[in-house]
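Derivation of every value follows stated rules applied to the coordinates shown; laboratory data play no part. Since the structure is predicted, the reported quantities are computational estimates derived from the model, not experimental observations. Positions of Cβ are generated from backbone atoms using ideal geometry, with glycine treated the same way; all protein chains shown enter the neighbour counts.
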Amino acid sequence: MRILVAMMKHETNTFSPIPTSLDRFFEWGGHLGDDAYHAYKGTGMPFSAYIDVAETAGHQVITPIAAEAMPSGIVQAEAYNFMTKQILEAVQTGVDAALLDLHSAMVSETTDDGEGTLLYEMRKINPQLPIGVTYDLHANLTQKMVENCTCLIGYKTYPHIDMYEVGSQIADILLNSIDENYEPVIYWARPPVLAQTLRMGHSDEPMKSILALTKEAEKDPEILAATVFGGFPLADFNDAGSSACIVAKHDTKLAKDWCDRIVKQIWENRREFVYSGRVLSEALTYAKSLDDGPTILLDHADNVGSGGTQDVMTVIEEVIKAGLEDVAVAAVYDPEAVDLMTKAGIGQEISLNLGGKTDMPSINTKGQPLRIKGTVKTLTNGEWIVRGPMYTGVKVSMGNTAVLAVGGMEIVIISKHHEPWDTVVFTSVGIQPDKKRYLLLKSRIHYRAGFEQLAKNTITCDGEGVTTSDNNLLTFRKVRRPIYPLDNINEP
């Protein structure tokens with residue numbers, strides 16, 4: 001068979017001011033045709049798993065595009081149209097099946113349901129085309145996504161360290177259904193819950209127990225795939241929120257029973273899916289009292305992995321004021337600062353306005369640079385290969401990168417957005433993270449992939465930014481209502 005393998009991934013934060021252009025997808029590592037095949041084969045991505053499963057079975061693989069962008073604002077029409085065109089043209093040339101590596105939180109200028117619209121258009125071209133899809137744990141599942149595919153699955157980990165495994169699973173399901181000539185049954189449901197990503201770690205409750213249910217379901221040979229989707233609450237559109245989905249071989253009632261059981265558990269634990277923080281100064285006072293390290297300080301309100309601008313200086317400034325010493329920061333997005341440091345040169349002292357270049361109108365906040373003086377310690381091209389358990393083997397680029405030493409703090413400053421989920425974000429610029437007392441990371445949960453084993457303590461720091469966990473700062477206009485916790489509802 002000719003099997004279409006494609007990737008089109010973006011987690012859209014509709015509150016983010018960062019434009020999502022076509023260039024943003026290719027800066028992160030977008031590839032076309034054979035380049036896509038070679039760039040991702042042998043990595044830990046679903047795209048790679050699809051290739052391996054298909055080729056092991058003796059099939060021909062067609063790879064029109066592999067494109068992913070760091071989370072940011074609404075995807076521009078040019079970008080969405082270009083990426084979907086590559087996939088749809090491949091379907092038109094004639095393929096026997098399709099395996100897609102998607103996210104399921106893409107909002108574009110042309111459609112709020114980026115993935116569902118793509119699948120719908122694929123099925124318009126070939127209504128009988130077998131389609132298997134892998135989605136992110138933070139997928140906002142829609143009816144259009146479900147009814148226009150043959151089978152689907154989501155990651156069972158956050159940080160996402162099982163991407164290859166679940167990609168292999170859904171590829172096997174799709175190919176087996178073709179070989180055995182049956183159509184899998186899909187049943188899905190969702191409670192009125194807009195859970196927060198900071199409360200979705202797979203090793204934390206309540207997600208830990210709910211994920212255990214999906215694994216229990218999959219022990220039944222009739223259940224092919226069981227998924228709980230935490231959802232992505234910062235994509236403000238009608239279908240945002242948590243859901244569950246069961247793919248069964250034949251038994252619709254069994255699929256419904258398992259799905260209802262999972263949805264019931266999401267609803268019963270709805271309060272646990274809402275983050276409750278503390279005053280930033282109190283968090284830093286506690287951090288200062290800790291003797292052993294490294295202690296992770298999470299600047300989660302400015303997490304580029306959820307669409308943050310990555311240049312909010314609030315937490316960094318407060319850490320300096322609090323007098324914390326031996327701190328490494330990853331990372332501040334400021335290409336202008338990197339250019340100034342490059343011109344100054346290594347070893348030179350420099351004063352500059354760091355960060356704060358981006359206004360955030362959705363939370364009524366102006367960018368506020370931090371005037372800072374330090375020494376240029378390191379200059380690199382920011383390129384490295386992920387060696388940790390998440391995105392294993394993928395080549396990433398932070399763009400031109402510099403390290404500024406400011407008193408007891410070393411700040412990694414980058415020219416392309418990148419969430420620090422791998423320790424190489426530090427080691428690539430000469431910083432040994434395991435020797436630091438504090439690691440200040442603009443991340444939520446993904447940092448655990450590379451840093452969990454290092455961390456002696458972890459402290460969430462409630463700063464400012466468009467990935468805030470304070471719903472009171474956000475104005476939701478499109479999500480269906482009523483929904484918890486935006487509305488005080490007691491029954492689903």
Protection-proxy order for peptides 31-43, 146-158, each taking the mean of Cβ atoms within 10 Å per residue, highest first: 146-158, 31-43
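Could you sort 326-333, 376-383 so that the peptide with the highest average Cβ count within 10 Å comes first and the rest follow in order? Walk me through the numbers before you get to the answer.
Numbers: 326-333: 25.1, 376-383: 17.5.
Packing order, densest peptide first, comes out as 326-333, 376-383.
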Leu290/Gln348 FRET efficiency (R0 25 Å; Cβ-Cβ; nearest 0.05): 0.15
Spatially proximal aspartates and glutamates relative to Lys456 (Cα-Cα < 12 Å; intrachain offsets below 8 disregarded): Asp291, Asp292, Asp434
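If you average the sequence gap of Cα pairs under 8 Å that are 6 or more apart and divide by the length of the chain, what percent do you get for the contact order?
17 percent
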Under the span-like rule (Cα at least 18 Å along the axis, Kyte-Doolittle mean at least -0.5), DSSP H helices of the chain: 77-94, 163-179
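Return the FRET efficiency for the residue pair Lys219, Lys253: r is the Cβ-Cβ distance, R0 is 25 Å, and the value is rounded to the nearest 0.05.
In this case the efficiency is close to 0.90.
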Size of electric dipole in the chain: Cβ of Lys, Arg +1 and of Asp, Glu -1, about Cα centre, debye, nearest 20: 660 debye
Amide H contacts under 5 Å for Val193, placed H, 5+ residues apart: Ser242, Tyr484
Amide H contacts of Val75 (H built 1.01 Å from N, under 5 Å, at least 5 apart or other chain): Val107, Ser108, Glu109
Cross-link partners of Lys215 among lysines (Cα-Cα below 23 Å; sequence separation of 8 or more within a chain): Lys156, Lys249, Lys253, Lys256, Lys264
Sorted by Cβ density within 10 Å, fewest first, the residues Asp96, Asp487: Asp487, Asp96
Neighbour-count ranking [beta-carbon atoms within 10 angstrom, fewest first] of Thr467, Thr56, Thr342, Thr197: Thr56, Thr342, Thr197, Thr467
Residues with amide H under 5 Å from that of Met360, placed H, sequence gap 5 or more: Thr365, Lys366, Gly367
Reachable aspartates and glutamates from Lys416, criterion Cα separation under 12 angstrom, eight or more residues apart if same chain: Asp23, Glu27, Asp311, Asp334, Glu336, Glu383
Distance in nm between pseudo-label sites at Gln143 and Tyr120 (7 Å out along the Cβ direction from Cα): 1.1 nm
Order of Lys442, Lys208 - criterion: other Cβ atoms within 10 Å of each residue's Cβ, fewest first: Lys208, Lys442
Among 398-411, 297-310, the order from most to least packed when residues are scored by Cβ within 10 Å on average: 297-310, 398-411
Approximate spin-label separation Asp204-Gln453, in nm, with each point projected 7 Å along Cα-to-Cβ: 2.2 nm
Too-long pairs where the Cα-Cα distance tops 19 Å, listed order kept, from Lys144/Lys478; Lys124/Lys144; Lys343/Lys366: Lys343/Lys366
Residue-wise HN-Hα coupling along the stretch 7-22, computed from phi with Karplus coefficients 6.51, -1.76, 1.60 (Hz; x: Gly, Pro): 10, 8, 10, 7, 9, 8, 9, 5, 8, 7, x, 7, x, 10, 8, 4
